[in-house]
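Q: Structure provided below as structure tokens; questions to follow.
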Amino acid sequence: MPSTPEQRLQELHLILPPAIAAHARLVEEKIRVLGGAGRTAELACAGENARDTGAVISYFIGDICDRDRMRVIFDRKRPEVVFHAAAYKHVPLMEENPGEAVKNNVLGTKILADLCNEIGSVERFVMISTDKAVNPTSVMGATKRIAGRYVQYLARQGKTKFITVRFGNVLGSAGSVIPLFKKQIAAGGPVTVTHPDMIRYFMTIPEASQLVLQAGAMGRRGEIFVLDMGDPVRILDLANSLIKLSGLRPNEDIKIEFTGIRPGEKLFEELCLDCEEMRPTPHPKVFVHLSDEKYAEDFLAKISEIIERADSASPDEIRAMISGLVPEYIGLTYVAPNVIQFSDRAASSQPRKNISNEEIKGRK
């Protein structure tokens, strides 16, 4: 993996081979990608280049929360592998609209996962998760965590193999900071960064799509695969690098302004809940977390309640229900209109020490 922001940005201009041959068994199976409008999902389908291999690509429009529509598609195509990449991912917007995050990220995932168990043709269901689901401070991350817990719950029953793949930010993808920085630079600045100490994990679109397919092919049942994202990168360094790659000088030709952390954001992200449980896989950039998730007897009842009340409950009530499903969730506390108190974790710039990739790779 490129080690500097400049190298990672330059790699965006490379045209890499399509990612459909990650595993021979997957190539022969009927694959359905939900949420394929995103660039990572698009490259997981290998885009138009897949036609060169004889693969048949069909497109469907639908809402993953529309069970009847999803059932029609599943019955018609009888997929054998499902990659679930559909989600609301905009952190501040989901803080303002927590009910919508619940409906799309939790209900949508539940509908798809349940259908995979019901129709009988689906061998494996691969859920695309996010580093924001680890010790979440946002509604977006917490709802993705709930969805992940539900998928792992289903992995204990039925014929379908439910697998989760977790990774961080993808350079150049829809919603990435890169297009925003480019637009701001083209306009003459300023380039806006939320905080000088904000750090994130990054990988390129081809890396992400290929490793997702690799992990999906390796999964057996209930594993959480974590992709090797390399070292985290400061967003400020990324902004400086992009300005330099444009032939300009940071804070001379293009100003950089700090706008402050937005609701739901934290200064750092983590890739695993308990790094001590991480193990290597045959692929050097894919690690596995063999989860031993514990579920309360009322887990399914709480899932049903938060879905049923997604439209009627207040934002604070929804956050309280989220906390009941994700004990490690520490979100925002609203103490008065337009006044927001951030949790200590959201404000902290010091993530807990993660075990190194070398230590993980040395385990058996």
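The values are calculated or read from the model by the stated rules, or taken from the named source; none is laboratory data. In this text, all values refer to a predicted model and were calculated from it rather than measured experimentally. Methodologically, a virtual Cβ is constructed for each residue, glycine included, from the backbone with ideal geometry; neighbour enumeration extends over all protein chains shown. For the accessible areas, the whole protein counts, side chains as well, though only heavy atoms, and no ligand, DNA or RNA atoms are used. Shrake-Rupley method; radii C 1.70, N 1.55, O 1.52, S 1.80 Å.
Q: With the radius of gyration and the Kirkwood radius both derived from the Cα set of region 130-202, what is their ratio Rg to Rh?
A: In region 130-202, Rg relative to Rh is 1.14.
Q: For region 87-221, what ratio Rg/Rh do Cα atoms give with a Kirkwood hydrodynamic radius?
A: Working: Rg = 17.0 Å, Rh = 16.5 Å.
Rounded to two decimals, Rg over Rh is 1.03.
Q: Once fully extended, how much extra length lies between residue 320 and residue 67, figured as 0.36 nm per residue of separation less the alpha-carbon to alpha-carbon distance? Display every interim value, and only then the final one.
A: Working: separation 253, 0.36 × 253 = 91.08 nm, distance 2.67 nm.
So the extension gain works out to 88.4 nm.
Q: Also: Order of 127-138, 300-311 by packing, highest average Cβ count within 10 Å first?
A: Numbers: 127-138: 24.6, 300-311: 15.5.
Highest-to-lowest ranking by the protection proxy: 127-138, 300-311.
Q: Still on this structure, I have one more. How compact is region 219-274 by the rule of thumb for globular proteins, expressed as Cα Rg over 2.2 N^0.38 Å?
A: Numbers: Rg = 17.0 Å, N = 56, 2.2 N^0.38 = 10.2 Å.
Here the answer is 1.68, to two decimals.
Q: Taking only Cα atoms of region 252-318, what ratio of Rg to Rh do you get with Rh as the Kirkwood inverse-distance radius? Present the calculation step by step, with values, prior to reporting the outcome.
A: Values: Rg = 20.2 Å, Rh = 17.3 Å.
With Rg and the Kirkwood Rh in hand, the quotient comes to 1.17.
Q: With a 1.4 Å probe and all protein chains kept in place, how do 65, 272 rank by accessible area, largest first? Before the final figure, lay out the partial values.
A: Values: 65 40, 272 10 Å².
Result, largest first: 65, 272.
Q: Something else about it: My understanding is that a pair violates if its Cα-Cα distance is over 24 Å; which of 182/255; 244/285; 159/294 do that in this structure?
A: 244/285
Q: Turning to a different aspect of this structure: Students often check this: by mean Cβ neighbours within 10 Å, which of 241-254, 150-163, 102-115 ranks highest, and how do the rest follow?
A: 102-115, 150-163, 241-254
Q: Right, here's the next one. How would region 206-304 be classified by its alpha-carbon gyration tensor: rounded, prolate or oblate, with rounded meaning a/c under 1.5 and the a/b versus b/c comparison settling the rest?
A: Working: a/c = 3.19, a/b = 1.73, b/c = 1.85.
Oblate is the answer for region 206-304, as a/c is 1.5 or above yet b/c matches or exceeds a/b.
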